[in-house]
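Working notes, beginning with the structure itself.
Rule-based calculations on the coordinates, nothing more; no lab input. Quick caveat: nothing in here was measured; it's all calculated off a predicted structure. Neighbour counts run over all protein chains shown; Cβ positions are idealised from the backbone, glycine included.
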Amino acid sequence: MKDYKGVVFFDYDGTLIDEVDGIFELPDSAKEALSKLRANGYATCVCSGRTKQMSEAVKEFFDGYVTGAGAYCEIDEETVVSIEITPEEIEAMREICAKRNVVMLMDGESQSYCDGIGTKIYDFFKYVFDVQDHWVQPWDTEGKCKINKLTFMYENPEDAEYVRENFEEILELAKHIRYTFTDATPKGVDKGTGIEAMIKYMGLTKDDSYCFGDGDNDLPMVKVVGHPVIMGRHFAGLEPYAEFTTDLVKNDGIKKGLEHLGLI
């Protein structure tokens with residue numbers, strides 16, 4: 001692992017890209033800013049519910065990953081954390097979900113799987129997150145990788161409560177701020193625990209850590225870093241913990257935020 005001055009964690013959806021404004025690629029201003037940040041000796045890390053594979057479009061700009069919302073972490077291709085949801089646990093949850101036509105996406109460090117490919121709600125999920133076909137295979141695929149995170153998808157908003165009632169005692173649940181999706185990680189695991197493990201592994205202090213986020217599942221992240229920044233469009237619950245609010249993705253929010261922090 002390289003020796004870094006500090007580390008900056010970036011949420012993906014709503015922070016690096018923004019589906020609300022139709023921005024599905026990392027803006028040029030952010031690419032320039034991230035390149036300068038790395039040149040200045042700081043590690044850049046994706047911190048997302050996405051997998052590393054689902055972040056492949058930006059991989060050239062990042063040194064590390066806190067993916068699966070904290071269940072899988074790596075820096076300079078060294079694995080720091082990998083917490084598994086067992087196949088037995090998944091099969092039990094699939095049975096519960098089938099009773100309400102809730103679709104499950106199962107994310108691993110190198111591949112994702114789904115038991116509802118081709119359903120209306122999965123197609124909507126693909127559209128929202130610009131999911132590429134090779135990222136997701138059927139659940140009955142042989143030789144699957146370990147699973148670190150789940151996403152529950154449902155057409156009926158009331159099924160969010162069904163998911164909560166059945167799984168909140170065994171999983172950490174984070175309802176998507178805008179859509180009928182609920183992310184789930186093993187109990188006690190979130191972006192904050194992943195970040196803390198990364199900071200410790202890298203030999204850095206809390207004051208050496210920074211983050212950019214926008215959603216409700218970023219709350220654990222903004223609570224544990226030394227310098228939390230939130231995007232121009234954000235979940236209001238982040239505001240008490242933010243050092244400041246930067247601009248929207250479409251208005252060069254990443255570049256402006258890094259300049260304000262004095263990191264570039």
The chain, Gaussian network, Cα under 10 Å: of Thr245, Thr205, Thr193, the residue fluctuating most is Thr205
Given a 10 angstrom Cα cut-off, can you work out which residue in Val20, Val224, Val249 is the most mobile in a GNM of the chain? Val20
Could you please rank Asp13, Asp133, Asp247, Asp63, placing first whichever residue has the fewest other Cβ atoms within 10 Å of its Cβ? Asp133, Asp247, Asp63, Asp13
What ranking of His234, His134, His176 emerges when the number of other C-beta atoms within 10 Å of each C-beta is taken as an exposure proxy, fewest first? His134, His176, His234
Loop-only check: which trypsin sites (Lys or Arg not before Pro) in region 46-151 are DSSP coil with at most 12 other Cβ within 10 angstrom? Lys99
Helix-only CD estimate at 222 nm, as mean residue ellipticity for the chain, using -39500 (n - 2.57) per DSSP H run (n ≥ 4): -7500 deg cm²/dmol
Suppose R0 equals 30 Å; then what is the FRET efficiency for Glu168 and Lys146 from their Cβ-Cβ distance, rounded to the nearest 0.05? 0.85
Determine the shape class of region 1-143: with a ≥ b ≥ c the square roots of the Cα gyration tensor eigenvalues, call it rounded for a/c under 1.5, and otherwise prolate if a/b is greater than b/c, oblate otherwise. oblate
Applying a 10 Å radius around every beta-carbon, put 250-260, 66-76 in order of their mean neighbour count, most first. 66-76, 250-260
Looking at the chain as a GNM with Cα springs under 10 Å, which of Ser48, Ser112, Ser29 has the largest mean-square fluctuation? Ser29
